[in-house]
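Before any comments, here is the structure.
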Amino acid sequence: ASLKNSMAARTFQAALDANQRFWSCAPEGIRRIEMAIRRDAVQTGLRDGRHSQAYRIEIKANRVQLTGNAEAGLFYAVQTLIQLLDGPSHRSGVLPLGTITDWPEYEIRCIHWDTKHHQDRLETLRRYLDQAAVFKINAVLLEIEDKFEYPSHPVIGAPGAFTTAELQ
């Protein structure tokens, strides 16, 4: 299956576009990054959703291979690779050779977004969600109260409240 339109591939491409220094600092031999989704590629022994979030990153002299048990696992592999590439400023773009195999301790990793005393713009919420993904957060509790434009009760929503389409 093609990963061209996967969230993992788009996220990695965006990171490369934003940080050209990744390639300029990469070890001489690494010119290829491979991504794959293979069911049960990483044996976790788990029978819940954490298994699908498992991944393996193999860093060899000539290539980097990211394999996820499912799309979620591949996405988290990309996040880890970006963190490795971004490393401390004196070593950014330098990858250690080796293998990383990982999966989460908890199936749901949730954060709370409370708009009680302020109204954020949609762009702010998007940046916040992107940053949460870096930390492998996979659920958000939105407490929006009057910051939602209630179509059937417009008087409840605050001026500039999120629309149904924006939150979708």
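Annotation: aspartates and glutamates with alpha-carbon distance below 12 angstrom to Lys60 (same-chain offsets under eight excluded): Glu28, Glu34. Rolling a 1.4 Å probe over the protein heavy atoms leaves Phe135 with an accessible area of roughly 140 Å².
The 3J(HN,Hα) values that the Karplus relation (6.51, -1.76, 1.60; θ = phi - 60°) gives for region 73-80 are, in residue order, x, 5, 4, 5, 4, 4, 4, 5 Hz. Gly and Pro appear as x.
Summed over qualifying helices (DSSP H, 4 residues or more, each -39500 (n - 2.57)) and divided by its residue number, the chain shows a 222 nm mean residue ellipticity of -8500 deg cm²/dmol. For trypsin sites (Lys or Arg not before Pro), the sites in region 30-133 that DSSP calls loop and that have at most 12 other Cβ atoms within 10 Å are Arg31, Arg39, Arg47, Lys116, Arg121. Taken one residue at a time, the phi angles of region 131-138 give Karplus couplings (6.51, -1.76, 1.60, θ = phi - 60°) of 5, 4, 4, 4, 8, 6, 6, 10 Hz. Gly and Pro are set to x. Report, ordered by chain and residue number, the lysines lying within cross-link reach of Lys147, taken as a straight Cα distance under 18 Å and ignoring same-chain residues fewer than 8 apart. Of all the lysines, those that pass the test against Lys147 - Cα under 18 Å, at least 8 places apart if same chain - are Lys116. Calculated FRET efficiency, Gln13 to Arg47, Cβ-Cβ distance, R0 = 35 Å: about 0.55 to the nearest 0.05. Relative to its residue count, region 91-150 spans a Cα convex hull of 131 Å³ per residue. Annotation for region 72-168: GluC sites (Glu not before Pro) lying in DSSP loop with at most 16 further Cβ atoms inside 10 Å of their Cβ are Glu105, Glu107.
Computed log10 I(q)/I(0) for the chain at 0.16 Å⁻¹: -0.97, from the Debye equation with unit scatterers placed on every C-alpha and solvent omitted. How much of the accessible area of region 87-168, in percent, comes from carbon and sulfur atoms when a 1.4 Å probe is used? Carbon with sulfur: 58 percent of the solvent-accessible area. What percent do you get for the relative contact order of the chain when only Cα pairs under 8 Å and 6+ apart count? So the answer I get is 18 percent. When Ser52, Ser152, Ser6 are compared by accessible area of protein heavy atoms, the largest-first order is Ser152, Ser52, Ser6, using a 1.4 Å probe. Over the chain, what is the percentage of antiparallel beta bridges among all DSSP beta bridges, to the nearest 5? Percentage antiparallel, nearest 5: 45.
The values are calculated or read from the model by the stated rules, or taken from the named source; none is laboratory data. Nothing here was measured: the structure is a model prediction, and the numbers come from that model. Virtual Cβ from ideal backbone geometry, glycine too; neighbours counted across all protein chains shown. Surface accessibility is based on the protein's heavy atoms, side chains included, excluding ligands, DNA and RNA. Shrake-Rupley method; radii C 1.70, N 1.55, O 1.52, S 1.80 Å.
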